[in-house]
Amino acid sequence: MDRRRLLAVARGEEPADLVLRRGRVVNVFSGAVEETSIAFAGDRIAGLGDDYQARETIDLNGAYVAPGLIDAHVHIESSLCTPAQFARAVLPRGVTTVVIDPHEIANVAGMAGLRFMARTSAALPLSVVVMASSCVPATHMETNGAVLTAAELAQLLAEGTVHGLAEVMNFPGVVYGEAEVLAKIAAFEGRPRDGHAPGLTGKLLNAYVAAGIGSEHECTAVEEAQEKLARGLYILIREATNAHNLHALLPLVNEANSRRICFCTDDRIPGDLLDQGSIDFIVREAIRFGVPPITALRMATLNPVEWFGLHDRGAIAPGRRADLIVFDDLTTLQPRLVFTGGRLIAEDGALCVPIESAEPIPPEVGSAVHIRWEAVDLRIPAMGRRMRVIGSLPGQLVTEERILPAHIVDGYAVADPASDVLKMAVIDRHKASGAMGLGFIQGIGLRRGAMAGTVAHDHHNLVVIGADDVSMMAAARAVAEMGGGLAVVEGGHTLAALPLPVAGLMSDRPIEEVRTRYDALIAAAQALGSPLHDPFMAMSFMALEVIPKLKLTDQGLVDVERFAIVPLFVNA
């Protein structure tokens, strides 16, 4: 930024690079709509007023202008695309800044994965604010590909790679003062430190907040969000592909508390990004629910700026980044023009500039599936008549613990598709240790066949769910042969597949192509009986042992509330 020139343009002594004339500016500071013009100098807003001269002028003819939208927490890896392809999806929607936690790739490739995300995002017209992944691994009850220590995270902060500390998922470690967890929190003193503590309440919540955590995006009910808001946390209302929390939490928003609430998408697949949108979709839904439009826009702009300390953006004011959206209807928020850093990036939903990633996949983040197949035996000897079953809930990441009768054939517990009880396996794909967790799940809905993938939050081992062992083994091998990816199999026949050559998490193909192949995967799973909007996203979270109640890792069945491995069979 040339500050001297910025000031000269602001004073009116030099012509602006661009002036947007006759706009209706949404002022997120005052809550008013101001009819005025906006002058740009380089990548900054120089001033507001109708008498600025400029090298170029665009007449907005009374259209609304608002700050570019900000996603307060997102994992780009969940789009199954690289940062450049993710940017192609969200920029035309008016999202100009995203705060990312690259812990998916960090759990596979460690520091190399995190640096890959930062490096490939740096030159994009989308501002990508990288947070340091705090829980790699998430817990001791998994095998993953890397460990990030407090010293390494401090190094990333010192070199300017990261801005703050990403979601601290090991809330028991925080609450009970685990030394390494506290060291990570201490390393980011004075920086934003995001939370992740589903269901935490009372004195344990007090301890979590006292440790220095400042936000929470895992709330699923108003009562939970109210308590966390009252204890000083920013609440990031999430609307993801598989975690639909927006409408449950919008009744929380009122005039007194709205300045402490932001929006985030967390995990969204290509189809949802391209069809529904990103933060723009959430803002529209909030307005439709009854949140005043300027309040909703403030929750997607100024509020996250204040939480994350990104005071160079988030409002239309002198000196702020010229990240703006122009739209015609305050209630429907369909961006007509999108500017980032003073440049016109998108018009009428289409990019004006090409966005491509020219970097080849580095070996350190390439395909990595290492499995000791001779140790893979999907059979489960019946050790009792009743067993713990993961109860998957539509639109939620939390699950239930269900105690159900075991379906036993020839001394083995097997899947019972007629009762929607499927077998699930999580196989270590990082260290070829032979570690494997076996269990059962209800709520996925397959009547036959199997689905498998290397997207399994947060360790990203190979996860398989199926109606029979033959299909499950074939699906697991199909994914491994691709070097990581997703597959749907019936018997020995692969019905659909999507290779993910970047760490087994992301494709190197255009997002439109990824979307087409992913849609084919969903269609194949649905043809086998699953009624879910996205059975693959649902499957990926069934292995995440930091969200209650019952999950499965390669180490076994995890009771998240007890924070312990529990036996599959219940004999009492």
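The values are calculated or read from the model by the stated rules, or taken from the named source; none is laboratory data. Please read these numbers as outputs of a predicted model, since none were measured by experiment. Please note: Cβ atoms are built from the backbone with ideal geometry, for glycine as well, and neighbour counts cover all protein chains shown. What goes into the accessible areas is simple: the full protein's heavy atoms, side chains included, and nothing from ligands, DNA or RNA. Shrake-Rupley method; radii C 1.70, N 1.55, O 1.52, S 1.80 Å.
Using R0 = 25 Å, the C-beta based FRET efficiency linking Arg447 and Ala375 works out to 0.30. Two numbers describe the Cα atoms of region 321-421: Rg and Dmax, which are 26.5, 69 Å. With Cβ to Cβ distances under 11 Å as the rule, what net charge do the other residues near Asp469 carry (K, R +1; D, E -1)? After counting each charged neighbour, the total is 0. If only the Cβ of Lys and Arg carry +1 and only the Cβ of Asp and Glu carry -1, the dipole of region 38-169 around its Cα centre is close to 240 debye. The orientation-averaged shadow of the Cα convex hull for region 66-351, equal to a quarter of the hull surface, comes to 13.8 nm². Neighbours of Leu532 by Cβ distance under 15 Å: Lys/Arg scored +1, Asp/Glu scored -1, total -4. The calculated Kirkwood hydrodynamic radius for region 200-241 is 10.4 Å, given to one decimal from all distinct C-alpha pairs.
Think of the chain as a dipole: +1 on every Lys or Arg Cβ, -1 on every Asp or Glu Cβ, centred on the Cα centre; then among Ala207, Val174, Val222, Ala207 lies furthest on the positive end. Counting only Cβ charges, +1 for Lys and Arg and -1 for Asp and Glu, the dipole size of region 3-62 around its Cα centre is about 220 debye. Restricting attention to the chain, the count of lysine pairs at 8 or more positions apart or across chains with alpha carbons under 28 Å apart stands at 15. Toward the positive end of the charge dipole of the chain, with +1 on the Cβ of Lys and Arg and -1 on the Cβ of Asp and Glu, the farthest Cα among Ala118, His244, Gly164 is that of Gly164.
Ranked by the mean number of other Cβ atoms within 10 Å of their residues, highest first, the peptides 40-48, 248-256, 429-437 fall in the order 40-48, 429-437, 248-256.
What is the packing order of peptides 501-514, 365-378, 534-547, 453-466, taking the mean over residues of other C-beta atoms within 10 Å and listing the highest first? List each step's numbers first, then the result.
Values: 501-514: 22.2, 365-378: 16.1, 534-547: 24.6, 453-466: 28.9.
For the peptides 501-514, 365-378, 534-547, 453-466, the packing ranking is 453-466, 534-547, 501-514, 365-378.
Phi-derived couplings, Karplus 6.51 cos²θ - 1.76 cosθ + 1.60 at θ = phi - 60°, listed residue by residue for region 131-140: 9, 7, 5, 8, 10, 10, x, 5, 8, 7 Hz, with x used for Gly and Pro. Inter-part distance, region 493-517 to region 12-45, computed on C-alpha centroids, equals 42 Å. Heavy-atom accessible area per residue, region 66-351, 1.4 Å probe: how many Å²? Accessible surface, normalised per residue, equals 29 Å².
What is the percent of Cα-Cα separations in region 199-284 that go past 19 Å?
Working: 1415 of 3655 pairs.
Looking at region 199-284, the distances longer than 19 Å represent 39 percent of pairs.
Report note on the peptides 4-10, 266-272: ranked by the mean count of other C-beta atoms within 10 Å, highest first, their order is 266-272, 4-10. How many angstrom lie between the Cα centre of region 274-298 and the Cα centre of region 111-154? Here the answer is 30 Å between Cα centres. Over all other residues within a Cβ to Cβ distance under 9 Å of His196, the charged ones net out to -4, with Lys and Arg as +1 and Asp and Glu as -1. Counting only DSSP beta bridges whose two residues both lie in the chain, roughly 75 percent are antiparallel.
Here the label points at Asp2 and Ala432, each 7 Å from Cα along the C-beta direction, are separated by 5.8 nm in the simple model.
To the nearest whole percent, what portion of all C-alpha pairs in region 461-532 is separated by more than 13 angstrom? Within region 461-532, distances greater than 13 Å cover 63 percent of Cα pairs. For region 504-518, backbone phi angles converted through the Karplus equation (6.51, -1.76, 1.60; θ = phi - 60°) give residue-by-residue couplings of x, 10, 9, 8, 9, 9, x, 4, 5, 5, 4, 4, 4, 6, 5 Hz, Gly and Pro being listed as x.
Given charges of +1 on the Cβ of Lys and Arg and -1 on the Cβ of Asp and Glu, with all other atoms neutral, how large is the dipole of region 440-572 about its Cα centre, in debye to the nearest 20?
Charge dipole of region 440-572: 180 debye, to the nearest 20.
Calculate log10 I(q)/I(0) of region 414-474 for q = 0.22, 0.24, 0.27 Å⁻¹, where I(q) comes from the Debye formula with a single equal point scatterer on each Cα and nothing for solvent. Relative scattering, expressed as log10 I(q)/I(0), comes to -0.82, -0.94, -1.11.
Of all beta bridges that DSSP places with both ends in region 24-151, some 40 percent have antiparallel geometry.
Just the Cα atoms of region 3-62, one point each, no solvent: what log10 I(q)/I(0) does Debye give at q = 0.22 Å⁻¹? Normalising to I(0) and taking log10 leaves -0.80.
Approximating the spin labels as points 7 Å out from Cα along Cα→Cβ, the His311-to-Ala179 distance works out to 3.8 nm. Projecting label points 7 angstrom from Cα along Cα→Cβ for Ala207 and His244 puts them 3.6 nm apart.
Considering every alpha-carbon pair of region 422-572, the percent of pairs per 5 Å bin, from zero through the bin containing the longest distance, is 2, 11, 20, 24, 20, 13, 7, 2, 1, 0, 0. Taken over the C-alpha atoms, region 120-220 has Rg and Dmax values of 13.9, 44 angstrom.
Surface composition of the chain: carbon and sulfur atoms hold 51% of the protein heavy-atom accessible area at a 1.4 Å probe.
Reported to the nearest whole Å, the Cα centre-to-centre distance from region 244-260 to region 545-566 is 30.
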